[in-house]
Amino acid sequence: MEKQHPIKIMSLGIQHVLAMYAGAVIVPLIVGGSLGLSAEQLTYLVSIDILMCGIATLLQLYRNKFMGIGLPVMLGCTLTAVAPMISIGNQYGIDSIFGSIIVSGLIVVVISKFFGKLVKFFPPVVTGSVVTIIGITLIPVAVNNLAGGEGSADFGSLSNLALGFGTLLSIIVLYKFSTGFMRSISVLIGLIVGTVAAFFMGKVDMTSVMEASWFHMPTPFYFGLPEFHVVPIVTMTLVAIVSLVESMGTYFALGDICDKEIKSEDLEKGYRAEGLASIVGGLFNAFPYTTFSQNVGLIQISGVKTKNVIYSAAGFLVLFGLMPKMGALTTVVPSSVLGGAMIAMFGMVIAAGIKMLSKVDFISQENLLIIACSVGVGLGVTVVQDLFSQRPKGLTLLTNNGIVAGSLTAIALNIVFNIIGITKKDEVDAA
């Protein structure tokens, strides 16, 4: 293999960072903004997330006896975790978010060896329904932000709508008329264009950037000691399992690109690295981490498959994460601009769920019923939050969260129709 010049490796690494940067920083911006964090707290949340993206990537890159897929893969927080984390934060507090992330990471580490046998409980009809439900529940968050942020004095003003829809339009135009790398960073460019426009409209406050320090050290339990509640833990565990199923597809795609056969042992180490990344993220008040598919696309475009490039990208992420001014710079993005980008990104979550569902056998009435009931229950519990206000305490787990209710409905109906039902059919055929 031809030896690459360090400058080329670093430039390719920066390209990978840019491709995933918008996806990385938008999660803490949305979650922190929805929970009403101060500018200082939001700066920390963004900075620690960037740092942990780098550390999570390193955990996957470095293959050893215990963990690491050893493929050129980059990790970041999945958008499917956003709605659950906002829901948990609003109902139980921010410390419960990190407690549930830590426990869900531990569960992933424990089940990593056996997850291959559990996959039958999470076929496309289940994972597709879950991701679709999560995407649908995110759209109101995006629209509220586009209008200026819920409770803002200028909510729904023409200037906010112009910025929000202008940002969305710029992303669409970039995606339509650009190719390759430019297309992969269309959301990032859209955010920059929208923020520059907002600056000239007097809607950008640079105070947080001026006040932020140039360097800081990560602080464990920055927001306080983690709290542990059953519903948040179940919610984040479901999100983690869906992420594992998605990551499996990414591993096989990368294995095909890199001409490497992916064995069960490789999958086990990859899952374990993701679980450990979530544990470390929770300890430092960051997020659960999973593989970023946009970087796989970049590897295909560039044709460069060496891990040195990804090591370089991870190094840049760690460096940027230690510089609060980098994190503070992202917090100046106005809510309306962020909302415009969120519509595109959250819509892509729904599209990803529909794509998963496209693999489902729709001739089967059972599969149609699973999708109908799970999405219906999930959306119903989300929209009509007082639906189960008279519920017995023991049913809180099933009725407190639309994502949990919809997900458990999909899992239960899949067991009834596609596992127990098939087993009984096989017994009848054998008789």
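The values are calculated or read from the model by the stated rules, or taken from the named source; none is laboratory data. Just so it is clear, the model here is predicted, and its values are computed rather than measured. We place every Cβ from the backbone using ideal geometry, glycine too, and count neighbours over all the protein chains shown.
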Original post:
Does Leu71 satisfy being in contact (Cβ under 8 Å) with a residue 24 or more places away in the chain and farther than 27 Å from Met217 by Cα?
Top reply: yes
**OP:** Under 6 Å between Cβ atoms, at least 6 apart or on separate chains: pull out the pairs that start in the range 250-275 with a residue that is over 21 Å from Ile107 (Cβ atoms) and end on any residue that is of a type in the set (Lys, Arg) and surrounded by 15 or more Cβ atoms within 10 Å (Cβ to Cβ).
**Re:** Cys258/Lys305
**OP:** Working only within the range 152-192, note down all residues that are in contact with a Gly (Cβ under 6 Å, 6 or more places away or on another chain) and part of a loop (DSSP other than H, G, I, E, B).
**Re:** Asp154, Phe155
Original post:
Which one is surrounded by the fewest Cβ atoms within 10 Å (Cβ to Cβ) among residues in the range 95-151 that are closer than 30 Å to Val333 by Cβ and among the charged types (D, E, K, R)?
Top reply: Glu150
**OP:** Output the qualifying pairs, or none if there are none: Cβ atoms under 6 angstrom, residues six or more apart or on different chains, first residue in the range 319-338 and not assigned by TED's automatic domain parsing to the domain that holds Leu42, second residue outside any helix (DSSP H, G or I) and crowded, with 24+ Cβ neighbours inside 10 Å.
**Re:** none
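Conditions tested, residue by residue: (1) surrounded by fewer than 24 Cβ atoms within 10 Å (Cβ to Cβ); (2) in the same structural domain as Met85 (by TED's automatic domain parsing); (3) farther than 19 Å from Leu146 by Cβ; (4) of a type outside the set (A, V, I, L, M).
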| position | (1), (2), (3), (4) |
| --- | --- |
| Gly13 | yes, yes, yes, yes |
| Gly36 | yes, yes, no, yes |
| Asp49 | no, yes, yes, yes |
| Met52 | no, yes, yes, no |
Original post:
In the range 235-260, which residue that is assigned to a helix (DSSP H, G or I) and out of contact with any Ser or Thr (no Cβ under 9 Å at 6 or more places or on another chain) is nearest to Ile134 (Cα to Cα)?
Top reply: Met248
**OP:** Scan the helices (runs of 4 or more DSSP H) fully inside the range 274-331 and keep the ones with 1 or more residues being touching a Ser or Thr at 6+ places or on another chain (Cβ under 7 Å), surrounded by 24 or more Cβ atoms within 10 Å (Cβ to Cβ) and at pLDDT 80 or above.
**Re:** 307-321
**OP:** From the list Pro218, Pro226, Pro232, pick out the single residue that is buried (at least 19 other Cβ atoms within 10 Å of the Cβ) and either free of Cβ contacts under 8 Å to residues at least 40 places away in the same chain or not in a helix (DSSP H, G or I) (or both).
**Re:** Pro226
Subject >> Among (1) over 29 Å from Ala344 (Cβ atoms); (2) part of a helix (DSSP H, G or I), the one test that Gly70 misses >> reply: (2)
